[in-house]
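**Student:** Here's a structure for you.
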Ligand SMILES: [Zn+2]
Ligand SMILES: [Zn+2]
């Protein structure tokens, strides 16, 4: 989605409201495509005192299996993007600035980059997810499986064997 921002660079005090949705359902994160619902992008680009700024918030619904228990969990992430837009390179250029050639900005490309960077490398259904029992595979969030209690201390086991003989 290409925004034409020429009027912002020409007229001070102007605001371009932004409210759009991007389909990112095919974007692959670690082998899954968790952004099943469109990413909503809201905010504006505006010119104030000779400075053109883009300020939006991206609302992302991240749906993927929990890294520990495998249950599908949905999390919402709000990714704010705020950048100064410049139409030509300046000496004090930094990462917060974006050069917009011919006053055109590819909003999708910017949102794509920022959203991909902001998504978590770890996805848990709850922060204290108990995961699966490594012996029987039961989801321990549903309650204990009983494996741990059946485990006998090897020293007690040796003693029990001695007493049996
Ligand atoms: Zn979990
Ligand atoms: Zn178990």
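The values are calculated or read from the model by the stated rules, or taken from the named source; none is laboratory data. Note that this is a predicted model, so its numbers are computed, not measured. Because the Cβ atoms are built from the backbone with ideal geometry, glycine has one as well, and the counts that use them run over all protein chains shown.
**Student:** Regarding residue 83, is this residue crowded, with 18+ Cβ neighbours inside 10 Å, within 16 Å of ligand 2 (Cβ to nearest atom) and either in the same structural domain as residue 115 (by TED's automatic domain parsing) or in a strand (DSSP E or B) (or both)?
**Tutor:** It is false that residue 83 is crowded, with 18+ Cβ neighbours inside 10 Å, within 16 Å of ligand 2 (Cβ to nearest atom) and either in the same structural domain as residue 115 (by TED's automatic domain parsing) or in a strand (DSSP E or B) (or both).
**Student:** Still on this structure: Answer yes if at least one residue in the stretch 32-40 is assigned to a loop (DSSP other than H, G, I, E, B), modelled with pLDDT under 95 and surrounded by 17 or more Cβ atoms within 10 Å (Cβ to Cβ), and no otherwise.
**Tutor:** no
**Student:** Of the residues 125, 136, which single one is outside the structural domain of residue 25 (by TED's automatic domain parsing), outside any helix (DSSP H, G or I) and either out of contact with any strand residue (DSSP E or B) (no Cβ under 7 Å at 6 or more places or on another chain) or at pLDDT 90 or above (or both)?
**Tutor:** 136 is the lone residue from the list that is outside the structural domain of residue 25 (by TED's automatic domain parsing), outside any helix (DSSP H, G or I) and either out of contact with any strand residue (DSSP E or B) (no Cβ under 7 Å at 6 or more places or on another chain) or at pLDDT 90 or above (or both).
**Student:** Would you confirm, using the coordinates I've provided, whether residue 109 is assigned to a strand (DSSP E or B) and surrounded by fewer than 16 Cβ atoms within 10 Å (Cβ to Cβ)?
**Tutor:** It is false that residue 109 is assigned to a strand (DSSP E or B) and surrounded by fewer than 16 Cβ atoms within 10 Å (Cβ to Cβ).
**Student:** Turning to a different aspect of this structure: When both residues are 6+ apart or on different chains and their Cβ atoms are under 9 Å apart, which pairs have a first residue that lies in the stretch 45-73 and is at negative phi, and a second that is within 16 Å of ligand 2 (Cβ to nearest atom) and assigned to a strand (DSSP E or B)?
**Tutor:** Qualifying pairs under 9 Å: 68/132; 69/132; 69/139; 71/139.
**Student:** Here are some residues: 163, 89. Which one is away from ligand 2 (no atom under 16 Å from the Cβ), outside the structural domain of residue 19 (by TED's automatic domain parsing) and either in contact with a helix residue (DSSP H, G or I) (Cβ under 8 Å, 6 or more places away or on another chain) or at pLDDT below 95 (or both)?
**Tutor:** 163
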